[in-house]
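In what follows, a single structure is set out as structure tokens and then discussed.
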Amino acid sequence: SMTSIGSNILDIGTSKWGADANRMEHVDDSMVPSHMMLPAVQNPAEFCRTNFSVEKGKDYEQDIKFFKGTTTLAFKFQGGVVVSVDSRATQGPYIASQSVKKVIEINPFLLGTMAGGAADCQFWERDLGRQCRLYELRNKERISVAAASKLLCNTMYAYRGYGLSMGTMVTGWDKTGPQLYYVDNDATRIHGDLFSVGSGSTYAYGVLDNHYRYDLSVEEAIELGKRAILHATHRDAYSGGINNVYHVGENGWTKVWSNDTTDMYYNYYPLPITVQDGEEEKMIM
């Protein structure tokens, strides 16, 4: 059976959940167009919050687990921008995919990265691509990175409190040169030179903070991006799969690297070889 619930109780976003939850108990049986059908549970809003929540640091043992867990990073340097990501998606402890494309190619000069809920990121960044294309058609020129990131930020602001889970970087090359912005589901928008987002970002920051400098060559920057993701995927169970690296230059972005992170780890840190020397075993590094 279904129960008609007033649309005013659909306020189920975690940031809007407060002391006024008692109003959820009131059922409105009138069938007017502003109402919609919901499952006949005692408290539909609480049911949705606890079974589909993506609150940070909380696990409600949901039957349906969101795709999440990732490491993404991007940084500006004298030769443009390097973007480096992994490709693993997890649903709780289950590795759901090892081949997620976490860099959205918005146009030949603009890239977006995905962290958080996979569905939210994919849908809203594709929607950003649609908005950017409309801008080009209306204005007869490419959209700036600042404007593109603001469009995404405006969308997130409109959906604040609705339970979206998204941490993204929007980067590219426009009339002002290379630019990098961080945007998340709280409509936070930050302009910066270096960001890492996701469950493995702390490990990536450890490598980046040690070795990042603005005057890196293109080859050094790509190598740093690879190393940072490598160490994050090695230490973070929710990151792994393929490491994809992009370089954004004056003529647009190019994909410069794609390889399995496990193979990369053993290339950088080969296992010691044990050899027999008479009656002794010796390890050769």
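Quick note: the coordinates plus some simple rules give every number you see, no bench work behind them. Quantities reported herein were computed from a predicted structural model and do not represent experimental measurements. Glycine gets a Cβ as well: all are built from the backbone with ideal geometry, and neighbour counts include every protein chain shown.
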**Asked** Is there a pair in LYS102/LYS175; LYS226/LYS255; LYS76/LYS140; LYS140/LYS255; LYS150/LYS255; LYS150/LYS226 whose C-alpha atoms are over 22 Å apart, and which pairs would that be?
**Response** LYS102/LYS175; LYS76/LYS140; LYS140/LYS255; LYS150/LYS255; LYS150/LYS226
**Prompt:** What is the Cα centroid distance between the stretch 145-184 and the stretch 192-232, reported in whole angstrom?
**Reply:** 21 Å
**Prompt:** With a sphere of radius 15 Å drawn around the Cβ of GLU219, what net charge do the other residues whose Cβ falls strictly inside it have (Lys, Arg +1; Asp, Glu -1)?
**Reply:** 0
**Request:** Just order 233-245, 155-167 by mean Cβ neighbour count inside 10 Å, highest at the front, would you?
**Result:** 233-245, 155-167
**Nearest-0.05 FRET efficiency for ASP209 and LYS140, computed from C-beta distance (R0 41 Å)** = 0.45
**Request:** Residues in the stretch 118-141, backbone N under 11 Å from the label point at TYR162 (7 Å along the Cα-to-beta-carbon vector): list them, ranges by number please.
**Result:** 124
**Message:** I need the peptides 179-190, 73-84 ranked by packing, meaning the mean over residues of other C-beta atoms within 10 angstrom, with the highest value on top.
**Reply:** 73-84, 179-190
